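As structure tokens, the structure follows; a few thoughts come after it.
The values are calculated or read from the model by the stated rules, or taken from the named source; none is laboratory data. The structure presented is a predicted model; accordingly, all values stated were derived computationally and were not measured. A quick note on method: Cβ atoms are made from the backbone with ideal geometry, for glycine too, and the neighbour counts reach across all protein chains shown.
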């Protein structure tokens, strides 16, 4: 599939040309400096605090950088009519979709590896390996969702709002379900309805709160995390890629 | 470029720097400590990172009323609110040690007896949740109860809790034996003798040096018990 490989390569080169990776390095240096500052403030558990705050901020930064890159890149391509040009190539639309997705996935993988670098001096090796692999999976999901949303919405602001809302909702859905299922007073019809709606939404969202956990870096709580993370990633990628292809095939360019 | 633009830029920058320089430095005074949010709200706000939020909140909490020029930090704090915050942080990160270190070594050190007792009881309640991990803080609370509050019955209660609940292999002998020595300090010689004797017969003591030490204490207690008290 030469078209897929070529599109993936072009996407990766675009990221390098946009100095995206330098931006990631700058953010990582800033986050590392912040962690060092907090190290001076804390009176105990300094290593754990550095790991926790550094990992949490790097995770959010990586997601933000990748989502913004995917969205702006696709919108610019659409505005410059490059999308129509690429779709006019003698190849199925799915090759275009997967070529772009593979390119963004490669950028995500590089971002995840860069984010793992400052954690090497502090974190347990096994936990760091699991955290990094999970971050790669999380970024794959974000890339796929961003690609799907931008193909549907075609504008930067609504797409970014949709992806941001999806990400925050996915990470906080477990807490929302806990709250919705435990009202202080007796369950009324409204409580049950709200709880049902929350549970229904939760069915459609990936369990991002169980991915890329800070506790792994601190040396515990692995459990069956590997199976859960990779299983969730595989299923959700199939779902979102199918939705993205459905939208791409039904569009008239 | 018009010179007005450059002048405006320089003026704006100077005005901004002057404004920030003359503004009072931000601080966290005791009365500013807000009530702790519910655990549900905090879990929601953590976006799936409860441990990171717990670490950040602990740094936020310890900043309140800690002024480098103040002779006695923390004494102005509302301790009910401090306890609520510490409890929330422990719920977010049950394996973290920072909250109980702060409770036993910072907040319990203020020279106000009611606040000290309140914080020591907080440490005791939290110890019961996870004794094998949290025993060091209750051991410190025991020492504070004995030497600062001069409340031997309270110290005994804490020491007894450690002896009965902290059963992990890595709990050191001195922590488990505190009960016996406090009983001795209370002149409860017979009770101390029974505790040490029971501990020796339980087979929990494996170290030969510790066995010799406890055996020697037992003999000394028996001798003191036979000698009439003047």
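Quick notes
- The lone exception for residue A:101 - which of (1) over 23 Å from residue A:241 (Cα atoms); (2) at pLDDT 90 or above it fails: (1)
- Applying the condition of being farther than 23 Å from residue A:53 by Cβ and in contact with a helix residue (DSSP H, G or I) (Cβ under 7 Å, 6 or more places away or on another chain) to region B:77-104 and asking which residue is modelled with the lowest pLDDT yields B:77.
- Any chance residue A:198 is at pLDDT below 90 and either farther than 30 Å from residue A:49 by Cβ or touching a strand residue (DSSP E or B) at 6+ places or on another chain (Cβ under 9 Å) (or both): yes
- Filter result for residue A:72 (more than 8 Å from every other protein chain (Cβ to nearest Cβ), closer than 19 Å to residue B:96 by Cβ, surrounded by fewer than 22 Cβ atoms within 10 Å (Cβ to Cβ) and out of contact with any strand residue (DSSP E or B) (no Cβ under 9 Å at 6 or more places or on another chain)): no
- Hey, residue A:175 within 14 Å of chain B (Cβ to nearest Cβ) and either under 28 Å from residue A:115 (Cβ atoms) or not in a helix (DSSP H, G or I) (or both) or not: yes
- Filtering A:212, A:159, A:154 for residues that are touching a helix residue (DSSP H, G or I) at 6+ places or on another chain (Cβ under 9 Å) and within 18 Å of residue B:49 (Cβ to Cβ) leaves a single hit, A:212.
- Residues being at pLDDT below 85 and either outside any helix (DSSP H, G or I) or away from chain A (no Cβ under 14 Å) (or both) - total across region B:27-76: 21
- From the list B:102, B:63, the one residue that fits, being more than 16 Å from the chain's Cα centre (by Cα) and within 20 Å of residue B:33 (Cβ to Cβ), is B:63.
- Taken over region B:87-99, the residue count meeting the criterion of being under 10 Å from the mean Cα position of the chain (by Cα) and away from chain A (no Cβ under 14 Å) is 0.
- Counting only helices (runs of 4 or more DSSP H) that sit wholly inside region A:1-98, those with at least 3 residues that are modelled with pLDDT of 90 or more and within 24 Å of residue A:127 (Cβ to Cβ) are A:20-41, A:46-79.
- Within this structure, residue B:118 fails the test of being within 13 Å of another protein chain (Cβ to nearest Cβ) and not in a loop (DSSP other than H, G, I, E, B).
- Subset of region A:148-158 (residues that are assigned to a helix (DSSP H, G or I) and surrounded by fewer than 24 Cβ atoms within 10 Å (Cβ to Cβ)): A:151, A:152, A:153, A:156, A:157, A:158
- Condition check for residue A:239: without any contact (Cβ under 8 Å) to a residue 60 or more places away in the chain and either part of a helix (DSSP H, G or I) or in contact with a helix residue (DSSP H, G or I) (Cβ under 8 Å, 6 or more places away or on another chain) (or both): yes
- The residue list A:127, A:108 contains one member that is assigned to a helix (DSSP H, G or I), under 13 Å from the mean Cα position of the chain (by Cα) and buried (at least 18 other Cβ atoms within 10 Å of the Cβ), which is A:108.
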